Amino acid sequence: MSILVIGEHDNAALRPSTLNVVTAAKALSSDIDVLIAGSDCQSAADEAATIAGITRVLKADDAALSDGLAENMAPLVQSLAGNYSHILAPATTYGKNLLPRAAAILDVQQISDISGIE
């Protein structure tokens, strides 16, 4: 059961919300990948690689991903989804914009604003 965490960042550094999502993912599985998608986002990918418990970091570096628009990100998430049992993203404007679109493309239900995993 692998988990994909969609990392939120500013193309240079991770946002603290990404660490919160990784902590939640650890409650589900020990096999956790982080997706860093953006433009010139190597620094954010390097930072993600230092997070304890991360199996691997997937980096998608393309100018079309620079602003993290759901319209551009959702097809990327769709292309990766088959490898994961769960896809998690921060409960921020970014995550709340991206995940509904990705869920619709994948024809799955999204669960929002999770406050705990037991």
Review point. Separation between the SER39 and ALA104 pseudo-spin-labels, each 7 Å from Cα along Cα→Cβ, expressed in nm?
Key: 2.5
Practice item. Could you calculate the contour length gain from ASP113 to MET1, that is, 0.36 nm times the residue separation minus the distance between their Cα atoms, to one decimal place in nm? Key: 38.2 nm
**Study point:** Along principal axes, Cα extents of the chain, largest first, whole Å
**Key:** 36, 31, 24
Check your understanding: Mind checking the dipole of the range 3-106: about its Cα centre, +1 per Lys or Arg Cβ, -1 per Asp or Glu Cβ, Debye to the nearest 20?
Key -> 380
Practice item. Report the extension gain between ASP10 and THR50 in nm, rounded to one decimal, defined as 0.36 nm multiplied by the number of residues separating them, less their alpha carbon distance. Key: 12.7 nm
Review point. Roughly what % of DSSP beta bridges within the chain run antiparallel, to the nearest 5?
Key: 5
Point to revise | Among 47-53, 36-42, the order from most to least packed when residues are scored by Cβ within 10 Å on average | key: 36-42, 47-53
Check your understanding: Arranged by the count of other C-beta atoms within 10 angstrom, fewest first, what order do ASP62, ASP113 take?
Key -> ASP113, ASP62
Point to revise | Mean Cα-pair separation over length for the chain, i.e. relative contact order, pairs under 8 Å, 6 or more apart, % | key: 29
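Here, each number is a calculation from the coordinates, and none is a lab measurement. Since this is a predicted model, take the numbers as computed values, not measurements. Neighbour counts are summed over all protein chains in view; Cβ atoms, including those assigned to glycine, are modelled from backbone coordinates with ideal geometry.
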